[in-house]
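S.K.: So that we are looking at the same thing, I have put the structure below in structure tokens.
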Amino acid sequence: MKSTTAKIGLVLWLTLVICAAILFPMVPAPEKWYEFPIIPGLEEKARIIFFHVPMAWTTVVAFVAAMIYGIRFLMTKNLDYDLRSVSAAGLGTMFCILATVTGSLWAKFNWGSFWNWDPRETSIFVLLLIYGAYFALRSAVDVEEKRATLSAVYAIIAGVTVPFFIFVMPRIMTGLHPGSKGDPQGAGPVVQFKMAPNMLLVFFASLLGFTLLYFWLFNLKVRSSRLELQQQSQE
Amino acid sequence: MKVFSAPAIHVFLKDSHSEIRTRYALNALLMFVVTALALVLFSVGNDVVGTDVLSGILWVIIFFSGMSGLSRTFVSEEERGTTATLQLIARPTSVLLGKLFFNFVLILSLNVLVAVLYIVMINRFVILTPSIFWATIFLGSCALASSSTIIAAIIAKANTKGTLYPVLSFPIMLPLLLTVMNATRLATEGAAFSEALGEFQILVSYTVVVVTISILLFGFVWKD
Amino acid sequence: MNHLTLTAGSLKKEFNRRVIFDSISFTLHEGEAFAITGRNGSGKSTLVKILCGLLSPTKGTVRVSVEGKEVNAEILFRHLGFVAPYLNMYDEFSGIENLMLFGKIRGLENNFAGDAEELLRQFNIFERRHDEVRTYSSGMKQRLKFAAALLHRPEILVMDEPTSNLDEEGIAAVRSVIAEHRRRGILIIATNEKEDVKYADAVLNLDERKLR
Amino acid sequence: MKLKIIIGSVVIAVFVIFGAISFMNSNVEYTDFAKAEKLGKKVQVKGAWLRNKESQLDTKSGQFIFYMKDDNNKEEKVILEGGKPNNFEIATSIVAKGRYKDGAFHASEILTKCPSKYEGDASAVKKTL
């Protein structure tokens, strides 16, 4: 994301996606290409999928990035990878909070309460806990090299236990999320895409846009952290 | 294999011997169990509480009792300044396996104690399928020991050891806690042993995965 | 006759991005004694810990080869004895128990019980061998550390401030260890005692960062 | 060292899959009352609450007892451990999770299906976690 054209392109892309997501009308029987089908019980509230889901997706991408940079730090002992790992995790936390807040606001209107302990709500809560623990650990270690090592190790251990949530959650809890339909398949965190084709298109466009936005922000964060370090060492 | 395992066994023996002399972890663990059980008994009283809730509470007691004792293995080395001594006489893997085994024995005996006291003291907690229940206690102890050991190793190197331990271990242990609670519920419902096989499968694979990743990463944590 | 060599290759260590030392290189052979000197905070202990594999360097390597074969870093401890003020024994065990424990954890195969008693005699703490270490004075603890470091007959002996806390008699015991060990292996001493530096074939002064 | 990492990764991958298999075949089977009676193991039965038959909350034993009709119109007494579920009154259909024992269906959990909850756009990939 070095050139200006790419940045302008991304901004345009996201603007278009957001406009489409908010403005396209919802009608009972869609005829034109821009009309979304109305979903009984969700109506206009269905639009959250274009924002909330990409945010949740981005936190996962961020976590994987933090983990991979953690592994690379352990292999090379180059503190720059640690810096990237923290930057990834920091942005991941932000997106995680955003996804939790938007999801819980939506849940208030659709399910009647802010929090329902549905499997996916629980998994994002756990991810939030992992991020919290990661930063709590970092703040408890003084020496930078040690901090980098310990937090990388923690991120990796948290990473390998995450798949177990996927197996465990649906056995314990019942799903409320759209897509669950009360069937055991839908209660899992992995969901089939059953959507009108035009909605699906906007949805994937948004997913792509958010992912690129994340990498742009990540790039900025890494560069600003490097500058901060340089300034500190000059003082 | 002989060279590989013998040092681990002696690390375990050293820790057990030391524990018997100092009772660093044991006293804290026992006091916690007694206090927590008494509190549960007071608050439950004669009220009717569902077995679901009771099997949940059992593992809450076990989780927090474990918290107060399991981190001791590495923290005590760090506090006494013997970490470097141990580094100079054994491979990291031997130390990890020795400590892992020590934690396993500690948590298993704690769990059996808690489970027996719990069944005796709370009348409504009836185990209809003992085979599921005891298998859960055993495999749950394996899983708890595996994750608590590597977390303890991380904690020992940080500044605020006590408060950090539950914070770091909770998200890691949550899948296993949910699984053991579910398995315990099956045991109280009188399910057939085969119905709980899925739960056991999760516990076994969780233990293997966490122990493997611990062996791979412990070296980084152990040597500064 | 290069049965035993220890090579430090451009070692660098940083703490919190502050450079403690940089590009330290040297090679030691069997029968050599090496001294590391420098003011407090010059990184003597840090360097010693890196040589023993207790700390990993930011950059650079420490290579040890015994009888021409390079030793894997994970099992370097088998060829190494280390004495330092910050190396503690297990307080709740007695002196002899500590030694026996170390021998067992190390997986020593020969009968080391006799060696342990012999070492305790050599450092004059045999009388108190059954007392818990917590009751020992700091000098006695230092003597026990020497016994522990020599138990497995290491080829490389590393000492950080070896004579701290010791009385005349203890210092004499250490001197005889130094004299004996420099004949059969590699000896590394981090110290500021002029007496100890005298024994060294080469001296690294961390204040000046060069070999003398 | 390299070898150790490779073996470790393989072990982790194998056991994660091993754990995942238990997830695949662990879902509690959907069935009807007739089959639940025969199997005697934990199942899920979908049906509707019979509003005309008595339902009561036994505060002493902490059980909620009601009658339910499954999709094949077979009626059965259901004993739920615990209080009345949320949204029980407005539910269009309910799912009872539990096992058949001693002439009644002992449910450990009741899912209520309310119109607003389930007829979603069937799409939310909330996360791939």
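The values are calculated or read from the model by the stated rules, or taken from the named source; none is laboratory data. Because the structure is a prediction, the values reported are computed rather than measured. Cβ placement follows ideal geometry from the backbone for every residue including glycine, while neighbour counts extend to all protein chains displayed. We work out accessible area using only protein heavy atoms, side chains counted, and drop any ligands, DNA or RNA first. Shrake-Rupley method; radii C 1.70, N 1.55, O 1.52, S 1.80 Å.
S.K.: Run the numbers on chain A and let me know its relative contact order in percent, using alpha-carbon pairs under 8 Å that are six or more apart.
M.R.: Taking the mean separation of contacting Cα pairs over the length of chain A, I get 25 percent.
S.K.: Per residue, what accessible area does the protein assembly as shown have, given a 1.4 Å probe and all protein chains present, in Å²?
M.R.: 42
S.K.: Note down the relative contact order for region B:7-222 as a percent, whole number, built from C-alpha pairs under 8 angstrom at least six residues apart.
M.R.: 28
S.K.: FRET efficiency for A:ARG223 and D:ASP58, Cβ-Cβ distance as r, R0 = 60 Å, nearest 0.05?
M.R.: 0.35
S.K.: Right, something else. If we count every other residue with Cβ under 15 angstrom of D:VAL10's Cβ, Lys/Arg +1 and Asp/Glu -1, where does the sum land?
M.R.: +2
S.K.: Here's something else I'd like to know. For the interface of B with A, what's the total buried accessible surface in square angstrom, probe 1.4 angstrom, rounded to the nearest hundred?
M.R.: Chains B and A together bury approximately 2700 Å².
S.K.: Does anyone have the angle between helix A:144-172 and the longest principal axis of chain A? Alpha-carbon axes, 0 to 90°, nearest 10?
M.R.: 30
S.K.: Can you tally the net charge around C:LEU4? Count Lys and Arg as +1, Asp and Glu as -1, for every other residue whose Cβ sits under 14 Å from the Cβ of C:LEU4.
M.R.: So the environment of C:LEU4 carries a net charge of +2.
S.K.: Moving on to the next point. Long-range amide H contacts for C:ILE36: which residues qualify at under 5 Å (H placed 1.01 Å from N, peptide plane, sequence gap of 5 or more or a different chain)?
M.R.: HN-HN under 5 Å from C:ILE36: C:ILE189, C:ALA190, C:THR191, C:LEU204.
S.K.: Separation of region C:144-212 and region A:73-111 by C-alpha centroid, Å?
M.R.: Result: 52 Å between the Cα centres.
S.K.: Turning to a different aspect of this structure: Quick one: dipole size for region A:51-234, taken about the Cα centre, charges +1 on Lys/Arg Cβ and -1 on Asp/Glu Cβ, in debye to the nearest 20.
M.R.: For region A:51-234, the charge dipole is close to 160 debye.
S.K.: Using only Cα atoms, locate the centre of region C:1-45 and the centre of region B:1-56, then give the distance between them in Å, rounded to an integer.
M.R.: 46
S.K.: Okay, next question. Got a sec? Charge dipole of region D:30-113, +1 on Cβ for Lys and Arg, -1 for Asp and Glu; which of D:TYR30, D:THR59, D:TRP49 is way out at the positive end?
M.R.: Among D:TYR30, D:THR59, D:TRP49, the one farthest towards the positive end of the dipole of region D:30-113 is D:TYR30.
S.K.: In debye, nearest 20, what is the charge dipole magnitude of the protein assembly as shown about its Cα centre with +1 on Lys and Arg Cβ and -1 on Asp and Glu Cβ, if you could check?
M.R.: Taking the Cα centre of the protein assembly as shown as origin, the dipole is about 1180 debye.
S.K.: Among B:GLY50, B:LEU29, B:ALA135, which residue has its Cα furthest toward the positive end of the charge dipole of region B:7-222, with +1 on Lys/Arg Cβ and -1 on Asp/Glu Cβ?
M.R.: Most positive-ward Cα: B:LEU29.
S.K.: Please give the charge dipole size of region B:7-222, origin at the Cα centre, charges +1 on K and R Cβ atoms and -1 on D and E Cβ atoms. Round to the nearest 20 debye.
M.R.: In debye, rounded to 20, region B:7-222 gives about 580.
S.K.: Quick one: Karplus J couplings for region B:168-181, per residue in order, coefficients 6.51, -1.76, 1.60, θ = phi - 60°, nearest Hz, x for Gly and Pro?
M.R.: Calculated HN-Hα couplings, in order: 6, 7, 4, x, 6, 8, 4, x, 6, 5, 4, 5, 5, 5 Hz.
S.K.: Further question on the same structure: Can you compute the helix-only [θ] at 222 nm over the protein assembly as shown? Use -39500 (n - 2.57) per DSSP H run of at least 4 residues, normalise by all residues, nearest 500 deg cm²/dmol.
M.R.: -19500 deg cm²/dmol
S.K.: What ranking do A:19-26, A:53-60 get when scored by the average of other Cβ atoms within 10 Å per residue, highest first?
M.R.: Listed from highest to lowest mean packing, they are A:53-60, A:19-26.
S.K.: Same structure again: For the protein assembly as shown, what does the alpha-carbon gyration tensor say about shape, rounded, prolate or oblate, given a ≥ b ≥ c as the root eigenvalues, a/c under 1.5 as rounded, and a/b over b/c as prolate?
M.R.: It comes out oblate by the Cα gyration axes.
S.K.: Okay, next question. Are there GluC sites (Glu not before Pro) in region A:20-110 that DSSP puts in a loop and that have at most 13 other Cβ atoms within 10 Å, and which ones?
M.R.: Hits after loop and neighbour filter: A:GLU31.
S.K.: Continuing with the same structure: Once both axes come from the Cα atoms, what is the angle between helix A:79-110 and the longest principal axis of chain A, in degrees from 0 to 90, rounded to 10?
M.R.: Tilt of helix A:79-110: around 30 degrees.
S.K.: To the nearest 100 Å², how much accessible surface do chains A and D cover up together, summed over both, with a 1.4 Å probe?
M.R.: Its buried surface, counting both partners, is about 3400 Å².
S.K.: Can you give the FRET efficiency for B:THR22 and D:SER93, using 1/(1 + (r/R0)^6), R0 = 45 Å, r = Cβ-Cβ distance, to the nearest 0.05?
M.R.: Efficiency computed from Cβ-Cβ geometry: 0.15.
S.K.: Assign one of three labels to region B:7-222, namely rounded, prolate or oblate, based on the Cα gyration tensor with a ≥ b ≥ c the square roots of its eigenvalues; rounded applies when a/c is under 1.5, prolate when it is not and a/b is larger than b/c, and oblate otherwise.
M.R.: It is prolate, given that a/c is not under 1.5 and a/b is the larger ratio.
S.K.: Once you have a ≥ b ≥ c as the square roots of the Cα gyration tensor eigenvalues for region D:30-113, tell me rounded if a/c is under 1.5, and otherwise prolate or oblate according to whether a/b is larger than b/c.
M.R.: Here region D:30-113 falls in the oblate category.
S.K.: While we're here: Please name which of B:ILE62, B:THR93, B:LEU39 has its Cα lying farthest along the dipole of region B:19-96 towards the positive end, using unit charges on Cβ (Lys, Arg +1; Asp, Glu -1) and the Cα centre as origin.
M.R.: Checking the options against the dipole of region B:19-96, the answer is B:THR93.
S.K.: What percentage of the solvent-accessible surface of the protein assembly as shown, computed with a 1.4 Å probe over protein heavy atoms, is contributed by carbon and sulfur atoms?
M.R.: For the protein assembly as shown, the apolar C and S fraction of the accessible surface comes to 61 percent.
S.K.: Exposed loop trypsin sites (Lys or Arg not before Pro) only (DSSP loop, at most 12 other Cβ atoms within 10 Å): please give the longest stretch of chain A free of them, not including the sites.
M.R.: Within chain A, the longest run free of exposed trypsin sites (Lys or Arg not before Pro) spans A:33-235.
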